[in-house]
Amino acid sequence: MAYVSGRTYLAIPGPSVAPDRVLSAMHRAAPNIYEGEIVEMTHGIVADLKRVALTTQHVAIYIANGHGAWEAANANMFSRGDRALLAATGRFGHGWAEHASRMGIDVQMIDFGKNSPVDPARIAEALKADKDHTIRVVLMTHVDTASTARSNIAAVRAAMDSTGHPALLAVDAVASLACDELRMDEWGIDVVVGASQKGLMLPPGLGFLWFSDKALEVSKTSDLATPYWDWKPRGTGTEFWQFFGGTAPTHHLYGLRESLTMLLEEEGLPNVWRRHETLASAVWAAFDAWGTTGGISLNMADPNARGRSVTAARIANGGAGALRKWLEAEAGVTLGIGLGMALPSDPAYADFLRVAHMGHVNAHMTLGVLATMEAGMQALGIPHGSGALEAAAGAIAKGSRR
């Protein structure tokens, strides 16, 4: 018997749950795009986007997903033939490298595998070896959405500074923005890549670039930026249409205005970070309990190296795939696939899944996912340890006392 007549829950790492308030804000007639409310509202949105990334510098808005934001970043930072040093910690690091290579950028990759964060010492070593300073940018992912590895951005910046190398630091924060703590100016990040469909609680469709004065100066000599992708008019222009390279993404902007109000004015960014920390700890506590029997484990062993927005895990012998199917068919819950952990043609592909706890998520939503996962394991006969739900509830209770 399937219990799916109620409201279903999409617990995948993007698109995340869009609040009803955000959807309601978008459900309206199209506005005048030449003057009036939306023009003034956009100036406030730009200011608040800077608050989300904790920067006083520049931000550009694109009608695109995260892949489009990658391309925009590449186009503005590089000329064809320029060199990049890319630190990969999962599938999305490799994806950024593939995009850059296809655009004619010479990518030197350091692959840290699927189970570890970036080692700052290896970044410093590679930059020291670049005696002629031909590496233009260091590219890295804050939280890789596939492996869920979280890297220490401030430590990487310190390692870069120790070498005296002039390379920019560009960070993919699509899976961490408004979930994990991120401090662009304080951590010395030159370019932050973001998108609307995760921590910002919107449908997919907007990509964002935050960029420093140093990155802006570098972009003036880059030859890959076509008129649409050029961030200079978007980030420093004086006319409304320049923010978007043409027609504004009107309804996304109304939704974004609502989500930024919820994040910054009502909850407050430090509280947003603490909420994600607590929900993540509940998921980890459940997996630790389930994993006492064997065959169930978190992808990232070190809690300090785990993203707070999504958790990747393994349930052996195809258990992850079977559980995902049961949850969607029987309980109305959809979990994420184990992206990049194995090829779809490999039987091990069915051993991996991801549980998202990003964006518009609270304790009962996360505990509900864990409870239905426990029910699915029992129904399918998947061996697992006991006490997972009690441990998860304890993590929530502990977090509420902070």
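The values are calculated or read from the model by the stated rules, or taken from the named source; none is laboratory data. This structure is a prediction, so every number in the text was calculated from the model and none was measured. Every residue, glycine among them, receives a Cβ derived from its backbone with ideal geometry; neighbour counts consider all protein chains shown. The protein model used for the area step is the full one, side chains on, heavy atoms only, and it has no ligands, DNA or RNA in it. Shrake-Rupley method; radii C 1.70, N 1.55, O 1.52, S 1.80 Å.
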Quiz prompt | Qualifying residue in the stretch 177-195 (condition: closer than 21 Å to residue 125 by Cβ, outside any loop (DSSP other than H, G, I, E, B) and open to solvent by 20 Å² or more (accessible area, probe 1.4 Å)) | solution = yes
Quiz item: Quick one: how many residues across the stretch 296-331 are crowded, with 18+ Cβ neighbours inside 10 Å and assigned to a loop (DSSP other than H, G, I, E, B)?
Solution: 5
Exercise. Output the qualifying pairs, or none if there are none: Cβ atoms under 8 angstrom, residues six or more apart or on different chains, first residue in the stretch 92-104 and farther than 14 Å from residue 143 by Cα and free of Cβ contacts under 8 Å to residues at least 12 places away in the same chain, second residue crowded, with 16+ Cβ neighbours inside 10 Å and of a type in the set (Lys, Arg).
Key: none
Quiz item: Restricted to the stretch 343-402, and to residues that are surrounded by 13 or more Cβ atoms within 10 Å (Cβ to Cβ) and of a type in the set (Asp, Glu), which residue is farthest from residue 10 (Cα to Cα)?
Solution: 351
Self-check item: Residue list for the stretch 102-153, restricted to those being farther than 30 Å from residue 280 by Cα, in a helix (DSSP H, G or I) and not small (Gly, Ala, Ser)
Solution: 102, 125, 127, 128
